[in-house]
Amino acid sequence: MRFLLNTVVSLVAAASFTVDTKPEKVEREDFHVTSDPGVRIAVREVGTRRSAGPPVLLLHGARVPGVGSFDLPVDGGSLAEDLARAGHRVYVMDARGYGRSTRPPALSQPPQANPPAVRSDAVVRDVAAVVDRITRRSGGKVALLGWATGGHWLGQYAATYPDKVDRLVLYNTLYGPIPDHPTMGRGSDNEDPNRPGQFNAARFGAYRLNTGESLLPSWDRSIPAEDKTTWRDPKVVDAYVKAALASDPAGGTRTPPSFRSPSGAMEDSFYLATGRQLWDASLITAPTLVVRSGNDFWSRPEDVTTLRAHLVHARSVKTVELPDATHYVHLDRPERGRDRFMREITAFLTAR
């Protein structure tokens, strides 16, 4: 009898262990939120039934929208899914003009017919609308993670609405006021040759057309290895390019296929790269993590040190440099910086 009882207990324990270690199913739901009148912002919610940590909003950068940046359907390609498995309900948004969100009328006309579309003030309004929806569901504050220009936009939001932010992650983000940038500032193609110090709006127009091939050179150059596959999985690269092209419903009608990205992000970035400060980090009160890749071509080491000096009212500030990592470290192989990136992010999001 005792043997049978012990056997039953062992079987129950084994069954419990099997259930507990089975990967939790990740669920996705797509919806829209109204920002300005007539502007609908696309959001993807990613989570499991056990999601318990603070909700996290992810915001893309200047070119590739949210799903292409953060939720690729391949191993190592979804920061959103990894954070969901770590216990968070994750929200991936497209700023207006990107992906499945409303595109301003200027994006349906020839690019040079209008000035750069979608500056940071408009994106901050989009973020505000999404955060309001998330807080109505969760009842608390929201953690924010922005990549490159997404960090600039979320930093400006966190400085404007500090009481809405649980914590903030700025990932490979420009800040200013630092006058020099090796590729994007004075003397670059971003500067108007006839008006030094001003953005080359005539060259960029309202939006840029991006081919799949145009997404890779900056990534290639930042990988310190001749064989790029040792640094990133070709399946991730293929999914990234496909998702970017698929983000524009009109992309397949062009030769070669291409997707539109508003030029306002580039105008903002040019002014950040030439010494203008477009928002004030001293207004941020949330705990803040500043992450920079050692081989990043976008942010500068001085952006990190200046942010740290300006974040005087943040409840805590941590800066992390990922040696030899690229601008795209969350899409690189685990041993090339992605594992360290994930450890830093998940520890920061759960720290109390």
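The table that follows gives values for the structure above.
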item: Any chance residue 321 is on the phi < 0 side of the Ramachandran plot and free of Cβ contacts under 8 Å to residues at least 12 places away in the same chain; result: no
item: Of all residues in segment 102-134 being open to solvent by 30 Å² or more (accessible area, probe 1.4 Å) and of a type in the set (S, T, N, Q), the one that is nearest to the chain's Cα centre (by Cα); result: 102
item: Test: residue in segment 194-210 that is open to solvent by 50 Å² or more (accessible area, probe 1.4 Å) and under 22 Å from the mean Cα position of the chain (by Cα); result: yes
item: Test result for residue 261, assigned to a helix (DSSP H, G or I) and of a type in the set (Gly, Ala, Ser); result: no
item: Residues being in a helix (DSSP H, G or I) and in contact with a Leu (Cβ under 9 Å, 6 or more places away or on another chain) - total across segment 275-303; result: 3
item: Filter result for residue 303 (charged (D, E, K, R) and touching a strand residue (DSSP E or B) at 6+ places or on another chain (Cβ under 9 Å)); result: yes
item: Residues of segment 107-129 satisfying the condition of being aliphatic (A, V, I, L, M) and over 20 Å from residue 40 (Cα atoms); result: 113
item: Tally, over segment 298-352, of residues that are crowded, with 21+ Cβ neighbours inside 10 Å and of a type in the set (Ser, Thr, Tyr); result: 3
item: Among residues of segment 188-237, those that are within 23 Å of residue 73 (Cβ to Cβ), of a type outside the set (Val, Ile, Thr) and touching a residue at least 60 places away in the same chain (Cβ under 8 Å), counted; result: 7
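The values are calculated or read from the model by the stated rules, or taken from the named source; none is laboratory data. Everything quoted here is computed from the prediction, not taken from an experiment. Note that we place each Cβ from the backbone using ideal geometry, even for glycine, and neighbour counts take in every protein chain shown. Calculation scope for accessible area: heavy atoms of the full protein, side chains included, ligands and nucleic acids excluded. Shrake-Rupley method; radii C 1.70, N 1.55, O 1.52, S 1.80 Å.
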